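One structure is given here, and the rest of the page talks about it.
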Amino acid sequence: MVKKKATRPYHHGDLRAALLEVAEKALEKGGSETLSLRELSRELGVSSMAFRNHFANKQALLDALAREGLNRLGVALNRAISDREQDFDTRIIKFARAYVRFAMKHAALFRLMFLSKHRTGAPAELIEASYRALAPGPATVADGQASGAVVQGDPARLALVVFSAVEGLIAISTDGQFFGQPLDRLTEEIVSQIILGLRPRL
């Protein structure tokens, strides 16, 4: 008697998460250009039709990956600033370090997240996810303003100074370092200098 080839069992609702998981691994391994829906379907042992029940095409999959990444980044940033008993300096440094650590750990996903949200015609839910993910930055600045630790002004604009600094560090780094210095340490040093510029004017 010929035995039927075993297939991986997936319950309804589980396949989408499994598709995103294998897609992220493929993304980190070879980038979005080499990501293939056919190969991902084959890896999971499902038909391309089953795949398309969840993602109409490759772009829909990439947008879902980007949105998932933004949601995870938001969780990491909110966790970093969760202790409101800490002073502004401590919280904004922890915020910046969490941002850089996420970018270093999920390099390809991080690039996809921000390329996707700036893409012409990007879905509204992806744009909203980016605002939610980055909201802890302006919120921390606003708390600093309320405590008298930060100059008055638009919290989003002031937080942009911190975002610009950490994005710059990420861009010039190699394997989490810059000229042999760990990016985690440099992040604290750079943001500490920025904090001085955010102090209220006398």
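All of the numbers you see were taken from the coordinates with simple rules; none came from a lab. On a predicted model such as this, the values are computed, not experimentally measured, just so you know. In this analysis, Cβ positions are derived from the backbone assuming ideal geometry, glycine residues included, and neighbour counts consider all displayed protein chains.
Counting only C-alpha contacts under 8 Å and six or more residues apart, can you give the relative contact order of the range 1-148 as a whole percent?
Relative contact order for the range 1-148 comes out at 27 percent.
Restricting attention to the range 118-187, which chymotrypsin sites (Phe, Trp or Tyr not before Pro) occupy a DSSP loop and are surrounded by at most 13 other Cβ atoms within 10 Å?
Taking the range 118-187 and a limit of 13 other Cβ atoms within 10 Å, the loop chymotrypsin sites (Phe, Trp or Tyr not before Pro) found are PHE179.
Which number do you get for Rg(Cα) / (2.2 N^0.38 Å) in the range 59-198?
1.05
Kirkwood hydrodynamic radius, computed over distinct alpha-carbon pairs, for the range 9-56: how many Å, to one decimal?
This gives a value of 10.8 Å.
Determine, for the chain, the count of lysine pairs separated by eight or more sequence positions (or lying on different chains) whose alpha-carbon distance falls under 22 Å.
9
For the pair ARG38/LEU202, report the inter-label distance in nm, with labels modelled 7 Å from Cα in the Cβ direction.
Between ARG38 and LEU202, the label points sit 7.0 nm apart.
To the nearest 10 degrees, how steep is helix 88-105 against the longest Cα principal axis of the chain, on a 0 to 90 scale?
In the chain, helix 88-105 runs at an angle near 30 degrees to the longest axis.
Largest first and in whole Å, what are the equivalent-ellipsoid semi-axes of the range 115-202 based on the Cα gyration tensor, each being the root of 5 times an eigenvalue?
24, 23, 9
Would you mind checking the tilt of helix 136-146 against the longest principal axis of the Cα atoms of the chain, expressed as 0 to 90 degrees and rounded to 10?
The answer is roughly 20 degrees.
On a 0 to 90° scale, report how tilted helix 58-80 is relative to the longest principal axis of the chain, with both axes built from alpha carbons and the result rounded to the nearest 10.
Between helix and principal axis, roughly 40 degrees.
With each run of n ≥ 4 DSSP H residues scored as -39500 (n - 2.57), what mean residue ellipticity at 222 nm is computed for the chain after dividing by its residue count and rounding to the nearest 500 deg cm²/dmol?
Only helices count here, giving -22000 deg cm²/dmol.
What is the distance, in nm, between label points placed 7 Å from the Cα along the Cα-to-Cβ direction at ALA142 and at VAL75?
2.4 nm
For the range 49-141, report the % of Cα-Cα distances exceeding 17 Å.
Here the long-distance tail beyond 17 Å is 52 percent of all Cα pairs in the range 49-141.
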